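Visitor: Could you have a look at this structure, given as C-alpha cells, before my questions?
Every number here is computed from the coordinates shown, using simple stated rules; none is lab data. Keep in mind the model is a prediction, meaning the values are calculated, not measured. Because the Cβ atoms are built from the backbone with ideal geometry, glycine has one as well, and the counts that use them run over all protein chains shown.
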Amino acid sequence: MKISKEATIGLLVVAAITIFILGINFLKGNSIFSTDQVFYAKYKRVDGLKKSSSVTLRGFKIGQIKSIKFSESNINDLIVSFSVGSKYNLPKNTTARIVSSDIMGTKEIQLLAGNSKKILQPGDTIGGSIEGDLKEQVSMQMLPLKNKAERLMSSVDSVLTVIQYIFNADARDNISQSLASIKNTINTLKNTSSNLDTLVSGQRSHMEQILANVESITGNLESNGENINNILTNFSSISDSLKQAEIASTVNNANAALAQVNEIFQQINAGKGSMGAFLKNDSLYHHMESASKHLDELLVDLKEHPKRYVQVSVFGRKDKKKDKK
C-alpha cells in the first residue's frame with residue numbers, strides 16, 4: 001500500500017507536535033504518563049512562588065507546583081496545587097511551608113512531615129505556612145538591637161539633660177563652692193591630724209606614766225588580792241549581821257512613833273489641849289494682846305512719872321539707921 005506524500009507529511013507534523021509537547025512537559029518536570037498524587041495548600045500570599053516550582057521533603061525534590069489560583073469562596077485565599085510522587089506517603093499533619101531555596105529568593109514548597117499515623121490521600125488539603133523573607137528575618141534579628149539602641153538613646157538623652165542641668169552657671173558656682181569647701185575640710189583634717197600627732201608626741205611621756213600607774217595599780221590589786229577577799233568577807237558578815245538584826249521591829253517602832261506624832265498634830269489642828277487652844281482660840285490671843293498693850297502703857301507712865309512708883313527719902317533712911325542702933 002502506497003502512502004501518499006500528503007499523509008506522510010501530516011504524520012510527521014503530528015509526531016513533531018507530540019514530541020514538542022512531551023519535551024516541553026519534560027523540561028517543566030511534568031510527566032504525562034505519571035501517576036503522581038495531587039495535594040492542595042491554602043495561603044494568604046505566595047511571595048513569588050511560581051508554577052513548576054519544586055516541592056521538597058528534607059531537601060529532596062519529590063514533586064512540583066502544578067497551579068496557583070485564588071479561592072472561589074474567598075478572594076483573600078490562594079490555593080496552590082502540587083504533585084508528589086505516588087511512592088511517598090505523607091502523614092496527615094504534614095505542613096507545606098513556602099521557603100527560599102537559594103540566596104536569590106527563589107521560592108519552593110518545603111514539606112514538614114508530621115508524626116500522625118494517618119496518611120494523606122490524594123486531593124487532601126495540607127496546612128500551609130510561609131517562611132519570613134530576608135527582610136523580615138533581618139528585622140527580627142535587628143529588633144532586639146533596635147530596642148536596646150532606643151533605650152540607650154533615651155538614657156543618653158537623660159544623661160545629656162542632667163549634664164546640661166549640672167553645667168549651667170548656678171550649678172557650676174555650686175560645684176566650685178562645694179569643691180572649695182571640700183578642700184578646706186581636707187586642709188582642716190590635715191591640720192587636725194598634725195595637731196593630734198604633735199599632741200600625742202608631746203604627751204607620750206605622760207601617757208607612758210599613766211600606763212605605768214595603771215600597771216602598778218593592777219599589780220597592787222593582784223598582790224593585795226587576799227586582803228580584798230578579806231574585806232569582801234567582812235562586808236558579807238556585816239550584811240549577814242544586818243540581815244539578822246531586828247530591823248523590822250525598829251522600823252515598826254518608828255512607824256508607831258510617827259503615828260503618835262501625827263495624832264498629836266491632828267489634836268493640835270482640832271484645837272484640843274493647851275497648844276491647840278493657843279493656836280485655835282482667838283480670845284487668848286486678844287487677852288495677850290490687851291495685856292501687852294497695858295504693859296506698854298504702864299512702862300510709858302513709869303517713864304514719864306517715876307515719882308508715882310519710886311519714893312526716895314534721905315531722912316527716913318537716917319531714922320531707920322538710928323532705930324537699928
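Visitor: Given axes a ≥ b ≥ c from the Cα gyration tensor, I'd like to know whether segment 203-245 is rounded (a/c under 1.5), prolate (a/b larger than b/c) or oblate.
Guide: It comes out prolate by the Cα gyration axes.
Visitor: How would you rank LEU111, LEU22, going from fewest to most other Cβ atoms within 10 Å of each one's own Cβ?
Guide: LEU22, LEU111
Visitor: Next up: Hey, what do the phi angles of segment 223-240 turn into as Karplus ³J(HN,Hα) couplings, whole Hz, using 6.51/-1.76/1.60 and θ = phi - 60°, x for Gly and Pro?
Guide: 6, 9, x, 5, 5, 4, 4, 5, 5, 5, 5, 4, 4, 5, 5, 4, 5, 5
Visitor: Going down the list LYS42/LYS87; LYS50/LYS146; LYS51/LYS148, which pairs span over 32 Å between their C-alpha atoms?
Guide: LYS50/LYS146; LYS51/LYS148
Visitor: Just check segment 35-131 against the gyration tensor rule for me: Cα atoms, a ≥ b ≥ c as the square roots of the eigenvalues, rounded for a/c under 1.5, and otherwise prolate or oblate depending on whether a/b exceeds b/c.
Guide: oblate
Visitor: May I pose another question? Once amide H atoms are built 1.01 Å from N in the peptide plane, which residues 5 or more positions from LEU120, or in another chain, come under 5 Å H to H?
Guide: Amide H neighbours of LEU120: LEU90, LYS92.
Visitor: Between SER216 and SER194, what FRET efficiency follows from the Cβ-Cβ distance if R0 is 35 Å, with the result rounded to 0.05?
Guide: So, using R0 = 35 Å, E works out to roughly 0.60.
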